[in-house]
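Inspection log for the structure reproduced underneath, given as structure tokens.
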Amino acid sequence: MDVSLASWLVIAVALAFANLPFLNESVFGFISAKPLLNRKHGKYFVVRLFELAVLYCIVGALAHALESRIGTAFPQTWEFYAITACMFVVLAFPGFVLRYLRKRRG
């Protein structure tokens with residue numbers, strides 16, 4: 001796998017995983033969340049944030065695995081993780097808008 005394909009794969013997976021907590025009512029897309037449900041809005045927002053953090057770690061592990069498979073994985077400092085976490089939250093914005101900011105008709 002070349003560098004370009006690996007980069008686009010990580011971006012696509014990050015986009016999908018960032019929006020996953022906001023687009024469904026099950027935890028991580030497949031675990032039933034009946035005790036974690038609010039009657040009016042579905043899952044609690046704290047549960048969605050926890051999912052977002054765990055999925056960020058999964059995407060980071062995937063990116064690290066692909067980087068080490070291509071060549072030497074470079075050591076990262078806290079600035080790298082702070083920037084990528086902010087980028088992950090920005091990628092989650094479309095799902096957040098669909099879940100909380102869109103007006104429901106009917």
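The values are calculated or read from the model by the stated rules, or taken from the named source; none is laboratory data. What you see is a predicted model; the values in this text were computed from it and never measured. Methodologically, a virtual Cβ is constructed for each residue, glycine included, from the backbone with ideal geometry; neighbour enumeration extends over all protein chains shown. With ligands, DNA and RNA removed, areas are computed over all heavy atoms of the protein, side chains included. Shrake-Rupley method; radii C 1.70, N 1.55, O 1.52, S 1.80 Å.
Here are a few things to note about the model shown:
- Rounded to the nearest 20 debye, dipole of the chain from Cβ charges on Lys, Arg, Asp, Glu: 960 debye
- Extreme residue, positive dipole direction of the chain, given options 31, 91, 9 (C-beta unit charges): 31
- Net +/- balance of residues flanking residue 6 in space, Cβ distance below 10 Å, scoring K and R +1, D and E -1: -1
- Share of alpha-carbon pairs per 10 Å distance bin for segment 51-90, given as whole %: 28, 55, 18, 0
- Calculated FRET efficiency for the pair residue 45/residue 105, C-beta based, R₀ 30 Å, to 0.05: 0.85
- Remark on residue 43: its backbone amide H falls under 5 Å from those of 38, a criterion applied only to residues 5 or more positions apart or on other chains, H modelled at 1.01 Å from N.
- Accessible area per residue for the chain, computed on protein heavy atoms with a 1.4 Å probe, is 72 Å².
- The accessible surface of the chain, taken with every protein chain in place and a 1.4 Å probe, is 72 percent carbon and sulfur.
- Axis of helix 3-23 versus longest Cα principal axis of the chain: the two differ by about 20°, to the nearest ten degrees.
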